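The structure appears below as structure tokens.
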There are 2 protein chains.
Amino acid sequence: MKVLIAGIDGYLGWSLARWLTERDDVEVHGVDGLMRREWVEEVGSASAVPIATLPDRAAALERRSGGPIPFWIGDLRDPGFASEVVRAVEPDAVVHLAECPSAPYSMMDPDHCRFVQTNNLLTTMNLMFALVAEGASAHMVKLGTMGEYGTPGVPIPEGSGWLTHEGETAYLPFPRQAGSWYHWSKVHGSNNLSFACRLSGLRVTDVMQGVVFGVYPSDGDDARLDTRCDVDAVFGTVIHRWCAQAVLGAPLTVYGAGGQRRGFIALEDSMRCLQLLLHNPPDAGEYRVVNQLDDVHRLDALVERVAAAARLHGLAAQIEHVPNPRLEEEDHRYDVASDILPSLGYRSRHAMDADLGAILGKLMTTGDRLHALEGVLHPDVSWVGGRRGRPEVVEA
Amino acid sequence: MKVLIAGIDGYLGWSLARWLTERDDVEVHGVDGLMRREWVEEVGSASAVPIATLPDRAAALERRSGGPIPFWIGDLRDPGFASEVVRAVEPDAVVHLAECPSAPYSMMDPDHCRFVQTNNLLTTMNLMFALVAEGASAHMVKLGTMGEYGTPGVPIPEGSGWLTHEGETAYLPFPRQAGSWYHWSKVHGSNNLSFACRLSGLRVTDVMQGVVFGVYPSDGDDARLDTRCDVDAVFGTVIHRWCAQAVLGAPLTVYGAGGQRRGFIALEDSMRCLQLLLHNPPDAGEYRVVNQLDDVHRLDALVERVAAAARLHGLAAQIEHVPNPRLEEEDHRYDVASDILPSLGYRSRHAMDADLGAILGKLMTTGDRLHALEGVLHPDVSWVGGRRGRPEVVEA
């Protein structure tokens with residue numbers, strides 16, 4: 001199987017390139033505009049784990065896997081470039097990880113909203129049309145987010161479900177209620193892809209993924225093989241940020257009351273899911289939505305768990321509640337269906353406490369590099385006010 | 001009240017400029033990129049009713065209304081331009097009619113899909129951010145379409161409703177199932193605006209409008225005051241196209257079986273609705289969805305009505321079914337709530353047969369101009385294949 005990873009230079013993209021070449025006989029091709037590195041730099045941050053350039057990491061992976069990892073560098077907003085890559089690679093599947101993945105980045109100001117929405121709209125559209133032009137037989141795996149559903153107060157199905165209105169029932173797309181311009185960009189993409197399947201016979205798996213955490217499983221690796229690990233308030237996911245705060249001796253900050261519930265999945269399990277989905281494509285014309293998450297955690301409980309793991313590493317982890325920079329419910333129900341992946345044979349193999357230990361251990365080796373990031377761990381992007389200063393501490 | 005009409009040069013925009021200056025004491029300002037004229041020309045068509053240039057029609061309207069009709073010409077995809085206009089006008093309300101309004105145009109090929117979606121995304125976003133920057137007090141009236149809902153098989157509420165899933169009920173946005181890239185662009189815009197209201201206190205009325213038909217009510221007007229009337233298969237609405245076919249002695253073509261049900265509203269009633277909405281804005285932060293339509297008609301019954309009206313004008317109107325270029329259900333239920341406008345005092349004043357007579361009468365005066373459009377009345381844009389030739393005739 002030939003897989004084109006769009007966004008191969010990112011956190012998930014590079015992990016998937018490793019996973020598929022190290023654990024499968026998949027032929028991996030990559031494309032990336034290297035923009036993630038620019039965005040993170042723009043907000044004054046950097047990956048806490050040092051990462052090699054794309055040519056260097058690809059060379060290291062080639063040496064390990066024994067096969068070539070061809071990659072293209074370019075901007076997928078350009079339809080000609082997207083078509084050229086797809087035509088040249090002739091992939092059996094495209095894993096689309098080439099969107100800008102940050103809610104706070106999209107909320108910084110109108111320019112960033114425009115950028116994130118047009119970037120994500122066009123990269124998805126261009127890959128989609130490129131696949132259709134080549135006969136629409138390839139499988140497109142698109143990364144969405146559980147955040148597309150919001151917190152609706154009723155059980156969340158996988159994409160669509162039986163909905164009753166005024167006593168009548170139909171099988172319908174489940175309503176989306178995203179919470180940032182970024183999350184809405186993912187909804188726009190999901191909507192467009194569902195229509196493309198109906199229209200062109202394209203086969204799409206749209207992955208509503210929970211929050212991913214973890215460092216790539218290490219086995220005495222060449223450091224050039226490392227994937228990025230962002231810990232800042234704009235590009236870092238919450239567990240990474242808490243781990244970084246613990247290593248730095250700073251309080252672990254919880255946004256608002258902490259009753260928010262979210263689905264989480266370990267990096268390794270995310271890779272396992274994507275691999276399974278690639279080997280089990282939907283039928284031609286099918287738009288398949290998969291909820292890809294393991295456990296749902298309340299943030300105020302999860303932070304205790306991270307703090308406990310940190311204390312095992314000799315770190316004095318304090319917990320602090322800060323004003324929530326986001327507009328979100330801070331205590332709500334959250335029942336999510338996730339049946340498709342288990343039906344394909346997926347079982348989580350991660351043990352969260354071990355994963356937390358691995359993240360903490362990795363970050364403890366980063367020294368001055370992590371200390372340089374201390375100033376960017378605090379949220380300075382408010383949903384209401386855009387970029388602002390560090391918030392005050394409030395009572396928990 | 002100071003109203004900025006974005007898209008003042010279009011079919012609805014120009015009608016609204018007339019309506020508000022001739023029948024209200026609203027101060028009208030306009031902005032337009034004049035793109036509608038280019039798009040229609042690009043598909044080989046033109047307005048069946050000759051229209052004056054924007055400066056000429058504005059001058060004619062100024063003479064009639066006695067007040068100035070200031071207008072700006074520019075591209076609202078440019079955020080700087082959008083802000084400049086809003087800042088200069090300081091409107092109490094913006095009526096956003098500046099999107100590309102054609103489903104077939106968006107389905108021509110990937111380039112047109114990209115254009116329609118980015119144009120509609122950015123014009124909406126730029127006007128929205130411009131209003132927020134000025135304090136978000138102005139009321140934004142955005143034209144959406146009933147087509148955002150698709151044909152879900154259950155009753156359609158106004159925007160949101162009580163939905164039950166797995167025995168639990170919540171008040172949720174009603175699922176959208178659009179049927180073209182254009183219709184999805186309207187969904188993207190609705191989603192973004194609903195979030196902007198929550199985020200910034202913006203007040204928005206999102207108008208899910210039915211298919212509009214009609215010529216502007218004439219009272220011995222200066223012809224420079226006429227609004228456009230498109231009859232072609234790309235920019236014309238179905239009733240206009242049928243009237244044009246009748247006047248040309250060509251068969252009135254129905255797409256597919258003809259059991260499609262759609263909501264319709266006469267141009268004059270659409271203006272009356274918009275005027276009412278302008279005088280009854282929602283609260284700050286409220287995202288109000290209004291279903292703006294009068295009667296729901298089955299196309300196969302409606303075409304008989306148009307044919308009957310044509311015969312009264314001495315025209316030999318034949319009816320022909322052609323292969324449906326669209327992907328749509330051709331026989332389905334369609335129950336639509338429309339309670340908000342009546343609650344504000346709206347009552348339809350149109351009599352469809354009189355409106356059909358007015359359209360036919362107007363088109364019968366257009367002579368060679370209409371004959372030149374004969375070749376563009378047949379659908380040459382297929383939802384599956386993009387642009388193609390004239391379809392074959394099939395048995396009814």
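The values are calculated or read from the model by the stated rules, or taken from the named source; none is laboratory data. Being a predicted model, the structure only gives us computed values, none of them experimental. Using ideal geometry, Cβ is built from the backbone for each residue, glycine included, and neighbour counts are taken over all protein chains shown.
Conditions first: (1) buried (at least 18 other Cβ atoms within 10 Å of the Cβ); (2) part of a helix (DSSP H, G or I); (3) of a type outside the set (K, R). B:G80 passes all but one, so which condition is the exception?
Just one mismatch for B:G80, condition (1).
Kindly provide the set of residues from the stretch B:272-312 that are among the acidic types (D, E) and touching an Asp or Glu at 6+ places or on another chain (Cβ under 7 Å), ordered by number. Quick ask: steps written out before the conclusion?
Just the residues of the stretch B:272-312 that are among the acidic types (D, E), to begin with: B:283, B:286, B:294-295, B:300, B:304.
Within the stretch B:272-312, just B:D294 meets the criteria.
List every residue pair whose Cβ atoms lie under 8 Å apart, where the two residues are 6 or more positions apart in sequence or sit on different chains, the first residue falls within the stretch B:80-108 and is at positive phi, and the second residue, located anywhere, is in a loop (DSSP other than H, G, I, E, B) and at pLDDT 95 or above.
Final answer for the pair search is B:E90/B:E134.
Quick one: in the stretch A:148-158, which of the residues that are in a loop (DSSP other than H, G, I, E, B) and within 11 Å of chain B (Cβ to nearest Cβ) is surrounded by the fewest Cβ atoms within 10 Å (Cβ to Cβ)? Lay out the reasoning, then the answer.
Kept after step one, since they are in a loop (DSSP other than H, G, I, E, B), are these residues of the stretch A:148-158: A:149-155, A:157-158.
This time we only want the ones that are within 11 Å of chain B (Cβ to nearest Cβ), so: A:149-155, A:157.
Details: A:Y149: 22, A:G150: 20, A:T151: 19, A:P152: 22, A:G153: 18, A:V154: 20, A:P155: 16, A:P157: 23.
It comes out as A:P155.
For the stretch A:104-147, which residues satisfy the criterion of being farther than 26 Å from B:D111 by Cα, in a helix (DSSP H, G or I) and either touching a strand residue (DSSP E or B) at 6+ places or on another chain (Cβ under 6 Å) or of a type in the set (K, R) (or both)?
Result: A:P104, A:M146.
Would you pick out the residues in the stretch B:1-33 that are of a type in the set (A, V, I, L, M) and in contact with an Asp or Glu (Cβ under 6 Å, 6 or more places away or on another chain)? Spell out the reasoning first.
Residues of the stretch B:1-33 of a type in the set (A, V, I, L, M): B:1, B:3-6, B:8, B:12, B:16-17, B:20, B:26, B:28, B:31.
Residues satisfying the conditions are B:M1, B:I8.
Listed here are the residues, each with its yes/no results for (1) in contact (Cβ under 8 Å) with a residue 60 or more places away in the chain; (2) of a type in the set (G, A, S); (3) touching a strand residue (DSSP E or B) at 6+ places or on another chain (Cβ under 8 Å).
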site: A:L312; (1), (2), (3): no, no, no
site: A:A316; (1), (2), (3): yes, yes, no
site: A:H332; (1), (2), (3): yes, no, yes
site: A:S338; (1), (2), (3): yes, yes, yes
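Okay, residues lined up against (1) in contact with a Pro (Cβ under 6 Å, 6 or more places away or on another chain); (2) surrounded by 24 or more Cβ atoms within 10 Å (Cβ to Cβ); (3) over 27 Å from A:N126 (Cβ atoms):
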site	(1), (2), (3)
A:L172	yes, no, yes
A:H188	no, yes, no
A:Y216	no, no, yes
A:D221	no, no, yes
A:D230	no, yes, no
A:C243	no, yes, yes
A:P251	no, no, yes
A:G258	no, no, yes
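Could you check how many residues of the stretch B:15-52 are without any contact (Cβ under 8 Å) to a residue 40 or more places away in the chain and hydroxyl-bearing (S, T, Y)?
Number satisfying all stated conditions: 0.
Please state which one of B:R326, B:R347, B:R305, B:R288 is within 14 Å of chain A (Cβ to nearest Cβ) and either closer than 30 Å to B:L16 by Cβ or acidic (D, E) (or both).
None of the other options fit; the residue is B:R326.
So for the stretch A:38-59 (the condition being under 21 Å from A:C273 (Cβ atoms) and not β-branched (V, I, T)), does at least one residue qualify?
no
Being crowded, with 20+ Cβ neighbours inside 10 Å, among the hydrophobic types (A, V, I, L, M, F, W, C) and more than 14 Å from every other protein chain (Cβ to nearest Cβ) is the filter here, so list the residues in the stretch B:371-384 that pass it.
Hits for the stretch B:371-384 are B:L373, B:V376, B:L377.
List pairs: first in the stretch A:187-200 and in contact (Cβ under 8 Å) with a residue 24 or more places away in the chain and more than 8 Å from chain B (Cβ to nearest Cβ), second buried (at least 22 other Cβ atoms within 10 Å of the Cβ) and of a type in the set (D, E), Cβ under 7 Å, 6+ apart or cross-chain?
A:S190/A:E148; A:S190/A:D206; A:L193/A:D206
Within the stretch B:107-125, is there a residue that is within 19 Å of B:L274 (Cα to Cα) and either of a type outside the set (F, W, Y) or away from chain A (no Cβ under 14 Å) (or both)?
Checking the stretch B:107-125: at least one residue is within 19 Å of B:L274 (Cα to Cα) and either of a type outside the set (F, W, Y) or away from chain A (no Cβ under 14 Å) (or both).
Among the residues of the stretch B:229-244, which ones are of a type outside the set (D, E, K, R) and either at pLDDT 95 or above or over 20 Å from B:R305 (Cα atoms) (or both)?
B:C229, B:V231, B:A233, B:V234, B:F235, B:G236, B:V238, B:I239, B:H240, B:W242, B:C243, B:A244 - these are the residues of the stretch B:229-244 that are of a type outside the set (D, E, K, R) and either at pLDDT 95 or above or over 20 Å from B:R305 (Cα atoms) (or both).
Picking from B:P79, B:P50, B:P68, B:P91, which residue would you name as being in contact with a His (Cβ under 8 Å, 6 or more places away or on another chain) and not hydroxyl-bearing (S, T, Y)?
B:P91
Please verify whether the stretch B:130-144 includes one or more residues that are closer than 25 Å to B:L327 by Cβ, away from every other protein chain (no Cβ under 11 Å) and either at pLDDT 95 or above or buried (at least 21 other Cβ atoms within 10 Å of the Cβ) (or both).
Scanning the stretch B:130-144, I find at least one residue that is closer than 25 Å to B:L327 by Cβ, away from every other protein chain (no Cβ under 11 Å) and either at pLDDT 95 or above or buried (at least 21 other Cβ atoms within 10 Å of the Cβ) (or both), so the answer is yes.
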